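Worksheet: one structure, shown below.
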Amino acid sequence: MKRYSYAPALLVLTALFGCESKFNHERFQMIQIGADDREDVRHILGAPASDMGEVWIYDDPGERTAAIYFDSDGRVLNKEWMDAESGDWEGENPWIDEPAQGETRERRTNTRRIDDD
C-alpha cells in the first residue's frame, strides 16, 4: 500500500494563499495619524518597500503607492495614498511648504510627439 505525503501540497497552498499582501486601501485607512507608531504601521501594512527613516513607501508598481510620514518620536505624522488606476490621491506630504500669499506654483509637463513617418 502506498503512502502519500501531503506536506508538499500544503506548502504550495500556504505559499499561494498565506502570503497575501497586507498593502491595500482598507488597511491603509486603518492607520491613525498621531496615534500609530512604526510598529503599528508594520503590523497593519507589513514591511515597507522602502524605508527612508522618516518616510516609509509601500508600492504595488503600476497600481498604487502609499507614503507614511513619521515624526521624530516615530508616530505617524501624515499619510498619502496614490492609486494609478483610478487617479485617486489622498493625503499630503507634511514637509511641503505652502506657497507664500499671492504666489502661484504650477506643475508643467512638456511632451513631444514623435511620428514614425
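General remarks:
- Residue list for the range 22-35, restricted to those being under 13 Å from K79 (Cβ atoms) and outside any loop (DSSP other than H, G, I, E, B): H25, R27, F28, Q29, M30
- Residue check for E80: of a type in the set (D, E), out of contact with any strand residue (DSSP E or B) (no Cβ under 8 Å at 6 or more places or on another chain) and at pLDDT 90 or above: no
- Some residue of the range 33-40 being of a type in the set (D, E, K, R) and modelled with pLDDT under 90: no
- Cross-chain or 6+ apart pairs with Cβ under 9 Å, the range 36-58 first and under 15 Å from D73 (Cα atoms), then among the acidic types (D, E): D37/D73; E54/D71
The values are calculated or read from the model by the stated rules, or taken from the named source; none is laboratory data. Keep in mind it's a predicted model, so treat the numbers as computed, not measured. Virtual Cβ from ideal backbone geometry, glycine too; neighbours counted across all protein chains shown.
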